[in-house]
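Working notes, beginning with the structure itself.
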């Protein structure tokens, strides 16, 4: 095999002159033909198929696939089943945010990560496991198991977040105090962002990926002239950003951080913590609202085009499917990385012109920024000396 | 793409383990899953084990990745791949099933 599947890396090359990044080149990762695996399959096989292939975020992909197929085949499912799927992806996002934080905070082996992993698996099973894709018979989520699990998850995440978890509505001053005095894993992870030159590193303006209606999505992923490029997707001719910061940008604490540090490293890291806390709270609330699940309706047709979008840990995930005569005949997936690592998008704009300090500091700052935008993107970073571009004369 | 790769522990060391998978052997960071005995399947991503896998789940993911490798090489057979998913209904976890 010429390409290892787990290492389809993206290349980022930065030219540095006088401790400033003066050129950025982003070579998108090679596209893997993942969509081809769904072709010829009956719809009911596809959510599980993608859940196996995308084994780090299986619930997000399976949910997007199920919803796209329901749209294509005119299948209606109950709000309770939708809620169950949403809670599964919430658990998955909590797990990913927590594990990425633990991996990056330079921790040694502790009992916490294995407990978290096992607990999340248990919660997803108690939320119905794979049966949330068109259950054949009614079932009831195991409320007792879910309550016990949610309490345990709350304890684990509060351990990760320390005092931030217990402060109901922290402001920036409270966060600074937390960073100075707490010893939790989140603080160990965030503290480097307080170094001089780090908090607003990567500050830039890139518009958020807008809320898409289904017709917009069908146009964006369809075969017509509005189709977005898989390697450099744009909307309204502009690169877009998706992910934690976009999702949390209306939270009071993040608005305060944006006013001080812009969309730099500090605000981005803080947005991940705010999101982690918010997800666990919404999971606890959501579990209390669960109700018995009824099977969905039978397909209203044997073919059609369907789209779906869902928020995965890394950002917006979009699926589009076309079904004919009961078989999948076209499939397309647009992943968050495609937007955030657009060759002239978020990462490009964040890095170009940024002051980076000496060589060691440059690498550390850039890597920290890339990891906070997307901790799951396999990349190779090359730093090289460069000539500062000569400004183009205006006249 | 959030695609993890199953690997099997060959030799455990403190904080890491020498593992083998379909793409060869590699040293894997085990901080998230803890030390695991020889023969254990783990889901790896970017050099770190993210989860301990049951052998059945490891086999399912490996089969999916094999399908992807075939697609990359241009000889993917849709009729043969994922045969276990065709004509099958989604299953509830055991503890949610009605006793029979």
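One table, with the values for the structure above:
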quantity: Qualifying residue in the stretch A:284-299 (condition: under 18 Å from the mean Cα position of the chain (by Cα), at pLDDT below 95, within 14 Å of chain B (Cβ to nearest Cβ) and under 23 Å from residue A:150 (Cα atoms)); calculated: no
quantity: Matching entry among B:33, B:52 (being touching a strand residue (DSSP E or B) at 6+ places or on another chain (Cβ under 9 Å) and part of a strand (DSSP E or B)); calculated: B:52
quantity: Qualifying residue in the stretch A:96-107 (condition: under 27 Å from residue A:376 (Cβ atoms), touching a strand residue (DSSP E or B) at 6+ places or on another chain (Cβ under 8 Å) and outside any helix (DSSP H, G or I)); calculated: no
quantity: Flag if residue A:199 is closer than 28 Å to residue A:352 by Cα and surrounded by fewer than 21 Cβ atoms within 10 Å (Cβ to Cβ); calculated: yes
quantity: Residues of the stretch A:50-74 satisfying the condition of being in a helix (DSSP H, G or I), at the interface with chain B (Cβ under 7 Å from one of its Cβ atoms) and crowded, with 24+ Cβ neighbours inside 10 Å; calculated: A:53
quantity: Of all residues in the stretch A:1-20 being at pLDDT 60 or above and buried (at least 19 other Cβ atoms within 10 Å of the Cβ), the one that is nearest to the other protein chains (Cβ to nearest Cβ); calculated: A:5
quantity: The lone exception for residue A:42 - which of (1) closer than 30 Å to residue A:156 by Cα; (2) at the interface with chain B (Cβ under 9 Å from one of its Cβ atoms); (3) at pLDDT below 95; (4) touching a strand residue (DSSP E or B) at 6+ places or on another chain (Cβ under 9 Å) it fails; calculated: (1)
quantity: Filter result for the condition that a residue is within 22 Å of residue A:173 (Cα to Cα) and in contact (Cβ under 8 Å) with a residue 60 or more places away in the chain, over A:209, A:253, A:217; calculated: A:253
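For (1) in contact with a helix residue (DSSP H, G or I) (Cβ under 9 Å, 6 or more places away or on another chain); (2) outside any loop (DSSP other than H, G, I, E, B); (3) more than 30 Å from residue A:305 (Cβ to Cβ), each residue gets a yes or a no:
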| site | (1), (2), (3) |
| --- | --- |
| A:160 | yes, yes, yes |
| A:177 | yes, yes, yes |
| A:183 | no, no, yes |
| A:187 | yes, yes, yes |
| A:191 | yes, yes, yes |
| A:198 | yes, no, yes |
| A:201 | yes, no, yes |
| A:215 | no, yes, no |
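The rows are residues; the columns are (1) more than 8 Å from every other protein chain (Cβ to nearest Cβ); (2) touching a residue at least 40 places away in the same chain (Cβ under 8 Å); (3) within 20 Å of residue A:9 (Cβ to Cβ).
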position	(1), (2), (3)
B:15	no, no, no
B:31	no, no, no
B:48	no, no, yes
B:52	no, no, no
B:67	no, no, no
B:72	no, no, yes
B:77	yes, no, no
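The values are calculated or read from the model by the stated rules, or taken from the named source; none is laboratory data. Values in this document were obtained by computation on a predicted structure and should not be read as measured data. Backbone-built Cβ (ideal geometry, glycine too); neighbour counts: all protein chains shown.
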